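All remarks here apply to the structure that follows.
The values are calculated or read from the model by the stated rules, or taken from the named source; none is laboratory data. Please read these numbers as outputs of a predicted model, since none were measured by experiment. Note that each Cβ is placed from the backbone with ideal geometry, even for glycine, and that neighbours are counted across all protein chains shown. Calculation scope for accessible area: heavy atoms of the full protein, side chains included, ligands and nucleic acids excluded. Shrake-Rupley method; radii C 1.70, N 1.55, O 1.52, S 1.80 Å.
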Amino acid sequence: MGTESAKVGEVWYFALPVPYNTSSQAIEITEVALKRVPAGIKVLEYGAYHLEDAGGLPLLADDGGPHTPDFGKLKNYGLKPVKVKAGEESNIFYLAKLKITAPPKETARWCRFDYRQGGQAYSQTMDCEVELKVAK
């Protein structure tokens, strides 16, 4: 996932993988994060939004773009743990709000999900990647 037409100072939204609970017990997602954020990209915040509210999953969208939801006006479900029933995909997705502060030399990569299940805390890292190249 990526773009080659980004500019320094722009804000981009990157959707993390939609959580899918393959286990036989419900989970509560407590935190998410991009594990590798290169110099030139600053994570401003993470949010969690309902797929229907956002009009689907915006894999990568520029702030203020014609097809980008106004996330500031949508309910952020990430303010408390997000529950995902056993054997189901979540209807809530997580988003990283990224600001380009300088031309990045690498991609942002690896999505970490922290969650609780049956009173136990877990952390799982999944491969995800976004490349924001600054246009010359």
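Per-structure values
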quantity	calculated
Odd one out for THR68, checked against (1) among the β-branched types (Val, Ile, Thr); (2) free of Cβ contacts under 8 Å to residues at least 60 places away in the same chain; (3) surrounded by fewer than 16 Cβ atoms within 10 Å (Cβ to Cβ)	(3)
Any hit, the range 108-130, residues being in contact with an Asp or Glu (Cβ under 9 Å, 6 or more places away or on another chain), in a loop (DSSP other than H, G, I, E, B) and either of a type in the set (Gly, Ala, Ser) or modelled with pLDDT of 95 or more (or both)	no
Only listed residue being farther than 18 Å from CYS128 by Cα and either among the acidic types (Asp, Glu) or modelled with pLDDT of 95 or more (or both), chosen from LYS42, LYS75, LYS97, LYS7	LYS75
Complete set of residues in the range 60-90 that are farther than 19 Å from ILE27 by Cβ, part of a loop (DSSP other than H, G, I, E, B) and of a type in the set (D, E, K, R)	ASP63, ASP70, LYS75
Filtered residues of the range 13-30 (kept if within 11 Å of the chain's Cα centre (by Cα) and part of a strand (DSSP E or B))	TYR13, PHE14, ALA15
Selection within the range 94-136 - among the acidic types (Asp, Glu) and open to solvent by less than 80 Å² (accessible area, probe 1.4 Å)	ASP114, GLU129, GLU131
Among (1) surrounded by 15 or more Cβ atoms within 10 Å (Cβ to Cβ); (2) modelled with pLDDT of 95 or more - the single one ALA86 does not satisfy	(1)
Residues being assigned to a loop (DSSP other than H, G, I, E, B), open to solvent by 40 Å² or more (accessible area, probe 1.4 Å), in contact with a strand residue (DSSP E or B) (Cβ under 8 Å, 6 or more places away or on another chain) and within 24 Å of ASN91 (Cβ to Cβ) - total across the range 37-59	3
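Yes or no, residue by residue, for (1) over 20 Å from GLU10 (Cβ atoms); (2) free of Cβ contacts under 8 Å to residues at least 12 places away in the same chain:
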residue	(1), (2)
ALA39	no, no
ASP53	yes, no
PRO58	no, no
THR101	no, no
SER123	yes, yes
